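> Got a structure for you, questions after.
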Amino acid sequence: MALIELKDVSKLYGFGDATTLALDEVSLTIEENEFIAVMGPSGCGKSTLMNLIGLLDRPTHGDYKLRERYVSKLRQGQRAKIRRDTVGFIFQSFNLLPRMTVLENVALPLVYKGVSVGKRIKMANAMIERVGLREREFYYPRHLSGGQAQCAAIARALINNPSIIIADEPTGNLDSASSRLVMELLSDIHKMGNTILFVTHNPELTRYATRVVYMHDGAIIHDEQTAIGDVAPTAKRIMFTVPTTTEEDDLAGVSVLMKNVPGAESDKSEQKPAKSKKKAAKKPRKARGGKK
Amino acid sequence: MSSIARGNIKMALSSVRGTKWRSMLTMLGVIIGIVSVVMVVGIGEGVKQEIAHQVGQFGKDLITVRPGKLKSNDGQMVSNTDLLFGLNSISGLTQKDLQTIQNSDHVRLAAPLAVVPGEVKAGNRKLDQSLVIATNGSLPEAINRSIPYGDFFSDKDEDANVAVIGRHVAQTLFDDYVPLGQTFTFRGYTFIVRGMFDDFKTTPLSPSSNFNDAIFIPTKVAQKITGNSTQMYTILVKPDKQENTGAAIESIESKMLKAHGGQEDFSVLDQKQNLEASSGVLSLVTTMIAAIAAISLLVGGVGIMNIMLASVTERTHEIGVRKAVGATNRQILNQFVLESAVLSVLGGVIGVIISIVGVLLLRVYTNLKPVISWEAIVVATGASLIIGVVFGAAPAIKAARKDPIEALRHD
């Protein structure tokens, strides 16, 4: 039984001739306890995919089965409850509420579950302990370092014991030491049996993953299994075979991934984005959902 | 649910604290509204109580005969609006009516009250607001008063140009404490001051309020001055025994009805009805002013709505985060409704406190004796709660309907 099953899921934004195709008939099957890294250039639909899986958004077309249950047509309230009980979100910008202490932030999902105050504090305390923020629990987010803030956010995501953790570039705002800390934490969570999806631009981080999904222009173009501890083969190619960024790129902050993505016909598609979308839609997709 | 509510109240309070200035200004509308309503009602209530007190002073057995119909046929007081018009169309009672009343059963005495217009002068002093009332020798007994200085005129000297004055008149006209034997001129006649009343407890809007400023002269003299055109606005009657009050009223009513040819253009009221009549008008006026004051409460509500809308826009990102961690639309709605309710009720409570202080100041510095009842406080707080919920609903619905992704993207 697959945990997550997406079938021909599309997401369109806008209408008329301003319609943007954010997801183009994506099919993806995710089993319990996978640790999936999603890679791809900016604007390729990674975040949209995460939002759809996390039930923050509805697909325009296609079916989404979560634990054998069709969830895309459910009412708002029910989706919120599923989100609360089965999905934990981790964001690039942490998204802690600035006027609340770490403790209150971590306990926030429990508030909406209707847990009593005493129990809330107890559970939040235990979770904060687990992510190693024991001495920081009465701090406000502005007093935390990036890594600590992300740890607090992870604690918040874990507090309801969700089976799916969705992390949209969790290390995007962190230095490499903090990144490692956060990834180790996620790795720990994975060992406890949770399913984790995370978006990253850093090929190094695919070491933690069991599977890597590459996206381009709203479609999954490549999907591969990888062993924990190794950089995924395709990601490795990006790292070492493709010429790295020039000095100008460094100055402008352009990353390797922004320039080169495997499977994408590079130059033309970037010059004429409107046409390239049509091309991408017509292009036969290599990716297939699941491990079959 | 209760724990959610508690958490939300805490959050709402912290949000109010976080934006002190803005919250304060928002609450100002509600505060002003509550203060004006509570104060107006308080002053009205105070005056009513004073009147009741004063009515008690005159004795429970006092019967008041007034022109105009103030009672409906089944004995109930007519509605407030009719009462206002009834008071406007006063035609006055006549000397004949007085005699009819005096001849009724169980009537011990009857004292008429009629205003005689004119200017009062004593030497080079003048009374600005002279109130000359024509009456007879029964007045002191009718209003349970004795004359501490001098004498009231008796029925024997009804033709004499004598007068009994109120306390203030002594001060303003004669600049004397006890100006017995002094004289003043009124419409060309010279009067001698024969007696003086002690202080009447003053209350605004009550019938006896200006007895302190009044000069009482005998009816016959007044008729001589005006050429029989004085009209009595009230005749005060005392029954022979207190338990005969009802019988006296019935007798007066039937005799008067006969004398007026079956037309009931007068009212015979006991003290209770009299009280109802005056407090009825007062209630009407109070209600009207309070209603106008309530409009400011409404404006306060609009202010709350305005600020809540701004707050929702400002906290879009927070709403997104809350939704992402599993808040349902309903829970977001509750949070914002509760927040505006907290804001509004806080304003209401502050308003009530200011009202209490205001009432105390009024009691100290004016002769008004406003009262704040528990009902007023409860109603004011309840009203502010309702305003908070009603005017907080629209912004809260807006917050609840926000798309979580859009909200998360918002800074």
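All of the numbers you see were taken from the coordinates with simple rules; none came from a lab. Computed from a prediction, not measured in an experiment: that's the story for all the values here. Every residue, glycine as well, gets a Cβ built from its backbone with ideal geometry; the counts of neighbours run over all protein chains shown.
> HN-Hα J couplings of segment A:118-128 from phi, Karplus 6.51/-1.76/1.60, θ = phi - 60°, integer Hz, Gly and Pro as x?
x, 5, 4, 5, 4, 5, 5, 4, 4, 5, 5
> Of B:VAL115, B:VAL390, B:VAL352, which is the most mobile in a GNM of chain B whose springs link Cα atoms less than 10 angstrom apart?
B:VAL390
> Got a sec? Charge dipole of the protein assembly as shown, +1 on Cβ for Lys and Arg, -1 for Asp and Glu; which of A:VAL212, B:VAL47, B:ALA376 is way out at the positive end?
Looking along the dipole axis, the top candidate is A:VAL212.
> Picking from B:ALA12, B:ALA327, B:ALA111, which is most flexible by a Gaussian network model of chain B using Cα springs under 10 Å?
Per the Cα network of chain B with a 10 Å cutoff, B:ALA327 tops the list.
> Ok, one more. Return the sequence-ordered ³J(HN,Hα) values of segment A:68-75 in whole Hz as given by the Karplus equation 6.51 cos²θ - 1.76 cosθ + 1.60 applied to θ = phi - 60°, using x for Gly and Pro.
6, 10, 6, 10, 6, 9, 5, 6
> How far is the Cα center of segment A:109-149 from the Cα center of segment B:13-34, in Å?
What the calculation gives is 30 Å, centre to centre.
> Taking loop as defined by DSSP and a crowding limit of 12 other beta carbons within 10 Å, which trypsin sites (Lys or Arg not before Pro) in segment B:217-272 fit? Before the final figure, lay out the partial values.
Numbers: sites: B:LYS220, B:LYS224, B:LYS241, B:LYS255, B:LYS258, B:LYS272; in loops: B:LYS241.
Listed in order of number, the matching sites are B:LYS241.
> Once Lys and Arg get +1 and Asp and Glu get -1 on their Cβ, which of B:THR366, B:VAL116, A:ALA37 lies farthest toward the positive end of the dipole of the protein assembly as shown?
Farthest along the dipole direction, towards plus: A:ALA37.
> Assigning unit charges at the beta carbon (Lys, Arg +1; Asp, Glu -1) and nothing else, what dipole magnitude in debye, to the nearest 20, does the protein assembly as shown show about its Cα centre?
The calculated dipole for the protein assembly as shown is roughly 2620 debye.
> Just in segment A:117-207: which chymotrypsin sites (Phe, Trp or Tyr not before Pro) are loop by DSSP and have at most 16 other Cβ atoms within 10 Å? Before the final figure, lay out each step's value.
Numbers: sites: A:PHE138, A:TYR139, A:PHE198; in loops: A:PHE138, A:TYR139.
Answer in residue order: A:PHE138, A:TYR139.
> Find out how many positive minus negative residues lie around B:VAL41, taking Lys and Arg as positive, Asp and Glu as negative, among other residues whose Cβ is under 12 Å from that of B:VAL41.
Numbers: positive: B:LYS48; negative: B:GLU45, B:GLU375.
Residues near B:VAL41 contribute -1 overall.
> Too long at a 21 Å Cα-Cα cut-off: which of A:LYS113/B:LYS20; B:LYS156/B:LYS241; B:LYS323/B:LYS402; B:LYS156/B:LYS224; A:LYS11/A:LYS65; B:LYS156/B:LYS258? Mind dumping the intermediate values first?
Numbers: A:LYS113/B:LYS20 30 Å; B:LYS156/B:LYS241 25 Å; B:LYS323/B:LYS402 9 Å; B:LYS156/B:LYS224 16 Å; A:LYS11/A:LYS65 16 Å; B:LYS156/B:LYS258 30 Å.
As for pairs spanning more than 21 Å Cα to Cα, those are A:LYS113/B:LYS20; B:LYS156/B:LYS241; B:LYS156/B:LYS258.
> While we're on this one: Which loop GluC sites (Glu not before Pro) in segment A:8-59, with loop taken from DSSP, have no more than 16 other Cβ atoms within 10 angstrom of their Cβ? It would help to have the intermediate numbers written out before the result.
Values: sites: A:GLU25, A:GLU31, A:GLU32, A:GLU34; in loops: A:GLU31, A:GLU32, A:GLU34.
Passing both the DSSP loop test and the Cβ count: A:GLU31, A:GLU32.
> Would you work out the relative contact order for chain B, in percent, from Cα pairs under 8 angstrom that are 6 or more residues apart? Numbers along the way, then the final one.
Numbers: 725 pairs, mean separation 117.4, N = 411.
Rounded, it is 29 percent for chain B.
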